[in-house]
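J.: So that we are looking at the same thing, I have put the structure below in structure tokens.
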Amino acid sequence: MIQKNLKILFVLLGLAVSNLAIAGEGMWLPLLLQSLNEAEMKSMGMKMSAEDIYSINKGSLKDAIVHFNGGCTSEIISGRGLLLTNHHCGYSQIQSHSSLENNYLRDGFWAKSLKDELVNNNLSATFIQRIEDVSKDILKGVTDAMNDKDRQSLIDQNMEKFKLTVKKEAYEDIVIRPFYKGNQYFMFVTLTYRDVRLVGAPPESVGKFGSDTDNWVWPRHTGDFSIFRIYADKNNLPAEYAEDNVPYTPKHFLPISLDGVEEGDFTMVFGFPGRTNQYLPSYAVSQIVDVLNPAKIGIRDRALKIVDAEMRADPQVKIQYASKFASIANYWKKWIGESQGLKSTNALDKKHQFEKEFMAKVNANAQWKDQYAYLLPEFKKLYAEIEPYALTRDYFNETAFRNIELLRVVNFMNNLVTRFDNNGETGYNDYKARLQSYLKGFYKNYRANIDQKVASDLLGLFDEKVPIDIIRQPLKEAVALSGTKSLEDFTRDMYKRSNFTTYDKVLALFEKSPKEAVAAIKADPAFKFGTKMMTVYDNEVGKKYNAINSKISTLQRLYMKAIIEVFPDKRFYPDANGTMRVSYGKVASYEPKDAVKYLTKTYLSGVMDKYVPGDYEFDVPEKLRTLYQQKDYGPYADKNGKMPVCFIGSNHTTGGNSGSPAIDAHGNLIGLNFDRVWEGTMSDINYDASICRNIMVDVRYILFFIDKYAGADYLIKEMKLVHPKKK
Ligand code: ARG
Ligand code: ASP
């Protein structure tokens, strides 16, 4: 049915095209581009056809787009399987090869030849072979009258049956995912390579330049890239690592444009966006803005403040906590921008307006009225009902697991105990081996005294703010039982007595027999408190949250179906769900606030403006300073003679789009997506073309760096450099 509506829209496309306010919004399915987007894309300057982007009959752009370890995106840029992604996407691989002698994070790394490329454990690169709409098969027999459980179990059965009928090679996999909130299903036949080696990375002072201060910020000056290579067996098929594996020969790789970008140029971002929520009712959006985001921001404010002070006081702590701090700060900063953007663009008013139109249409049609008029009032009721549970859930997750690390260890220990209780010593030993190797890394970057401060502060906040009273009980009881007078004393006492505060203590625990170890774990004060809290949470909050949330999901599915039906002339794209999508827009400036306009491109001179010698965020390597002074930019400079670094566009992106290629009108690589502008991070909930921009590294900065800085011109020779604008 969506298909049919889309067809109608295609007819109306002349109208959509002229309405350029919406250009940029949407994460589209590659196989539907021809019917939905091609005309608009061409009107915006695209010179390719939809078939050049996604084809199952010939090599097309999609064959160069690779899901990087299931999280980020990457792309093939040479005929020998060279893979480009972000520095922050390859970070843990780069880190894993780093040591004090070979500090690749600090100094960068460049393989001098194929045999120097570094082998990675557990790194995957997944191609999409083809995509099919399988809604008919998966939803066979499903009716609106079914309850959720029956519906889901029929869908699961249909999927299993259907998978058996799909023609595929033994080395291919099948992934089937719900779209439009479960109103449609698409199948992805995938091909995953597992021998993916590290080829090169710039030093952090380039790849992470500006770090947390500049994260989510424009103007930006980060060379956020790293390079890998996919290896295959003799038949070009996936194989586990073997010395005689050979570079993968792709069906397609992206040529690279040396011609740069100008405001207004067509751009397209092709990748694997993770999650968006564009079709929430106004009640959900106001809950995010007024209740949930402020709570999460508030918790992280406090945790970050404590950790920041410790990092400033001790350089060793700074190294140990840098990565943890960055990941806590990343979404903290994103939520602040998101809330502000939702307010500044009046997202709620727009939602209200949309809902008003929806209700007017629904009420004017007897059948729709019957089917759909209850949806919004029901949302209102359910969101009011879920609010205290959702808020408690956020407080609990952010406090217990995200920011108090001791409680995270408790959770693992609890799993270990459960394995023992359910599967005896085998279950225990199995899990212990994995846990021990994880904890070894964990404790390297753990300071119990810092965690204790965070715990004392956050438990206080939790106690003060959490809206469901009974969830406070475990803390009250534990404090009383310990005989301490304040939260500070209580946490000090708990950290002193717990055996989970150092790796040595945990090892000593693990040396005991499984039975003795389990007894000791169960007697641990942190374990007693933590598991009590989890049990009360599960029973009093988790279960209720899940029950209401499942009703909301059902409603959301019906609402999605309804709006598609009620607004046949509007184009709806499915929310991101980690599957392959195309976004397109233009290189575009924006005005974040009154009297301020942000231009589209940054230059190396801007890097130098931000340079703070020796700073952990804004240092600039000497060689880069020299190249800048000598203006030794080779063929990579912009028309004005300056070295370009980053640029922005109106492409709709989200987490998971990191490492996605920015592609020009002809299908050439022009940039590497890695972030969004702060004012526009609300694009996950309500994209607004006036301030939503994605940030890309200019590919010429990457080439300049590889060639002039790293001296790895043999890599450049593998690539295909083109001049599309000089044709
Ligand atoms: N904000 C970007 C994204 O969400 C980049 C994050 C990595 N960089 C950082 N400084 N934490 O993933
Ligand atoms: N930085 C994000 C990523 O890593 C991209 C974004 O959220 O814009 O995927």
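The values are calculated or read from the model by the stated rules, or taken from the named source; none is laboratory data. What you see is a predicted model, and the numbers here were worked out from it, not measured in a lab. All Cβ positions, glycine included, derive from the backbone under ideal geometry; neighbour counts span all protein chains shown.
J.: May I ask you to list the residues in segment 610-633 that are farther than 18 Å from Val697 by Cα and assigned to a helix (DSSP H, G or I)?
T.: Glu622, Lys623, Arg625, Thr626, Leu627, Gln629, Gln630, listed by residue number.
J.: Residue under question is Gly656, and the condition is that it be more than 16 Å from ligand 2 (Cβ to nearest atom) and on the phi > 0 side of the Ramachandran plot; does it hold? Spell out how you get there, then give the answer.
T.: Numbers: more than 16 Å from ligand 2 (Cβ to nearest atom): no; on the phi > 0 side of the Ramachandran plot: yes.
No, not satisfied.
J.: Still on this model: May I ask you to list pairs of residues, at least six apart or on different chains, whose Cβ atoms are under 8 Å apart, with the first in segment 261-286 being among the basic types (Lys, Arg) and the second being not in a loop (DSSP other than H, G, I, E, B)?
T.: Partner pairs satisfying both residue conditions: Arg275/Asp684.
J.: With the structure loaded, tell me whether Gly260 is in a loop (DSSP other than H, G, I, E, B), within 16 Å of ligand 2 (Cβ to nearest atom) and not basic (Lys, Arg) or whether it fails that test. Spell out how you get there, then give the answer.
T.: On the way: in a loop (DSSP other than H, G, I, E, B): yes; within 16 Å of ligand 2 (Cβ to nearest atom): no; not basic (Lys, Arg): yes.
No.
J.: Considering only segment 673-692, state which residues are within 10 Å of ligand 2 (Cβ to nearest atom) and among the charged types (D, E, K, R).
T.: Asp675, Arg676, Asp684
J.: Exactly one of these conditions fails for Ile670: (1) away from ligand 2 (no atom under 16 Å from the Cβ); (2) farther than 20 Å from Ser205 by Cα; (3) of a type in the set (Val, Ile, Thr); (4) out of contact with any strand residue (DSSP E or B) (no Cβ under 7 Å at 6 or more places or on another chain). Give me its number.
T.: Going through (1) away from ligand 2 (no atom under 16 Å from the Cβ); (2) farther than 20 Å from Ser205 by Cα; (3) of a type in the set (Val, Ile, Thr); (4) out of contact with any strand residue (DSSP E or B) (no Cβ under 7 Å at 6 or more places or on another chain) one by one, Ile670 breaks only (4).
Table: residues versus (1) closer than 17 Å to Gly578 by Cβ; (2) crowded, with 23+ Cβ neighbours inside 10 Å.
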| residue | (1), (2) |
| --- | --- |
| Pro178 | yes, no |
| Lys181 | yes, no |
| Tyr185 | yes, no |
| Thr190 | yes, no |
| Gly200 | no, yes |
| Gly207 | no, yes |
| Thr213 | no, no |
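J.: Could you give me the residue pairs with C-beta distances under 7 Å whose first residue belongs to segment 442-466 and is over 17 Å from Pro294 (Cα atoms), whose second residue is assigned to a helix (DSSP H, G or I) and small (Gly, Ala, Ser) wherever it lies, and which are 6+ apart or on separate chains?
T.: Note: pairs meeting the criteria are Val454/Ala303.
J.: Across segment 551-574, which residue is surrounded by the most Cβ atoms within 10 Å (Cβ to Cβ) among those that are more than 24 Å from the chain's Cα centre (by Cα) and part of a loop (DSSP other than H, G, I, E, B)?
T.: Arg571
J.: Quick one: which strands (runs of 3 or more DSSP E) sit completely within segment 69-168 and have at least 3 residues that are more than 30 Å from Ala322 (Cβ to Cβ)? Show your work before the answer.
T.: On the way: elements: 72-76, 82-85, 125-133.
Hits in segment 69-168: 125-133.
J.: Something else about it: Those residues that are near ligand 1 (Cβ under 10 Å from one of its atoms) and either among the aromatic types (Phe, Trp, Tyr) or part of a helix (DSSP H, G or I) (or both), I need them from segment 210-220; list them, please.
T.: Ser211, Asp212, Thr213, Asp214, Trp216
J.: Pairs please, first residue from segment 37-59 and within 15 Å of Phe266 (Cα to Cα), second anywhere and β-branched (Val, Ile, Thr) and in a helix (DSSP H, G or I), Cβ atoms under 7 Å, 6+ apart in sequence or on different chains.
T.: Qualifying pairs under 7 Å: Ala39/Val17; Glu40/Val17; Ser43/Val17.
J.: Enumerate the helices (runs of 4 or more DSSP H) found wholly within segment 19-68, keeping only those where 3 or more residues are modelled with pLDDT of 95 or more and more than 23 Å from the chain's Cα centre (by Cα).
T.: Numbers: elements: 33-36, 38-43, 50-53.
Fully inside segment 19-68 and qualifying: 38-43, 50-53.
J.: Any residue at all in segment 542-549 that's within 30 Å of the chain's Cα centre (by Cα) and hydroxyl-bearing (Ser, Thr, Tyr)? Explain how you work it out, then say what you get.
T.: From segment 542-549, those within 30 Å of the chain's Cα centre (by Cα) are 542-549; that's our starting set.
Still in the running and hydroxyl-bearing (Ser, Thr, Tyr): 545.
Among the residues of segment 542-549, at least one is within 30 Å of the chain's Cα centre (by Cα) and hydroxyl-bearing (Ser, Thr, Tyr), which makes the answer yes.
J.: Still on this structure: For the subset of segment 456-496 comprising residues that are among the aromatic types (Phe, Trp, Tyr) and farther than 22 Å from Tyr389 by Cβ, which member is nearest to the chain's Cα centre (by Cα)? Explain how you work it out, then say what you get.
T.: Initial filter on segment 456-496 (among the aromatic types (Phe, Trp, Tyr)): 462, 490, 495.
Those still in the list that are farther than 22 Å from Tyr389 by Cβ too: 490, 495.
Numbers: Phe490: 37, Tyr495: 34 Å.
Among those that are among the aromatic types (Phe, Trp, Tyr) and farther than 22 Å from Tyr389 by Cβ, it is Tyr495.
J.: Any residue at all in segment 88-101 that's of a type in the set (Phe, Trp, Tyr) and within 16 Å of ligand 1 (Cβ to nearest atom)? Even if it seems obvious, please write down each step before you answer.
T.: Pass one, segment 88-101, residues of a type in the set (Phe, Trp, Tyr): 91.
Those still in the list that are within 16 Å of ligand 1 (Cβ to nearest atom) too: 91.
Checked against the condition, which is being of a type in the set (Phe, Trp, Tyr) and within 16 Å of ligand 1 (Cβ to nearest atom), segment 88-101 yields at least one hit.
J.: How many residues are buried (at least 24 other Cβ atoms within 10 Å of the Cβ) and within 16 Å of ligand 1 (Cβ to nearest atom) when one looks only at segment 657-683?
T.: So the count comes out to 16.
J.: Within segment 222-231, is there a residue that is more than 29 Å from Ser327 (Cα to Cα) and more than 16 Å from ligand 2 (Cβ to nearest atom)? It would help to see each step written out before you state the result.
T.: In the first step, residues of segment 222-231 are kept if they are more than 29 Å from Ser327 (Cα to Cα); the result is 231.
Filter once more, keeping what is more than 16 Å from ligand 2 (Cβ to nearest atom): 231.
Among the residues of segment 222-231, at least one is more than 29 Å from Ser327 (Cα to Cα) and more than 16 Å from ligand 2 (Cβ to nearest atom), which makes the answer yes.
J.: Answer with yes or no whether Ile386 is within 16 Å of ligand 1 (Cβ to nearest atom) and either surrounded by 20 or more Cβ atoms within 10 Å (Cβ to Cβ) or not polar (S, T, N, Q) (or both). Let's see the steps before the verdict.
T.: Details: within 16 Å of ligand 1 (Cβ to nearest atom): no; either surrounded by 20 or more Cβ atoms within 10 Å (Cβ to Cβ) or not polar (S, T, N, Q) (or both): yes.
No; evaluated as a whole, the condition is false for this residue.
J.: OK, next. Could you give every pair whose Cβ atoms fall below 7 Å, whose first residue belongs to segment 700-726 and is over 19 Å from Glu117 (Cα atoms) and modelled with pLDDT under 95, and whose second residue is outside any helix (DSSP H, G or I) and of a type in the set (D, E, K, R), counting only separations of at least 6 or pairs across chains?
T.: Note: pairs meeting the criteria are Lys725/Asp259; Lys726/Asp259.
J.: Considering each residue of segment 322-338, count those that are within 20 Å of Ser205 (Cα to Cα) and not hydroxyl-bearing (Ser, Thr, Tyr), and give that number.
T.: 6
J.: Suppose the filter is within 23 Å of Ile53 (Cα to Cα) and either in contact (Cβ under 8 Å) with a residue 60 or more places away in the chain or touching a helix residue (DSSP H, G or I) at 6+ places or on another chain (Cβ under 8 Å) (or both); does Tyr185 pass it?
T.: Values: within 23 Å of Ile53 (Cα to Cα): yes; either in contact (Cβ under 8 Å) with a residue 60 or more places away in the chain or touching a helix residue (DSSP H, G or I) at 6+ places or on another chain (Cβ under 8 Å) (or both): yes.
Considered against the rule, which asks whether it is within 23 Å of Ile53 (Cα to Cα) and either in contact (Cβ under 8 Å) with a residue 60 or more places away in the chain or touching a helix residue (DSSP H, G or I) at 6+ places or on another chain (Cβ under 8 Å) (or both), Tyr185 comes out as yes.
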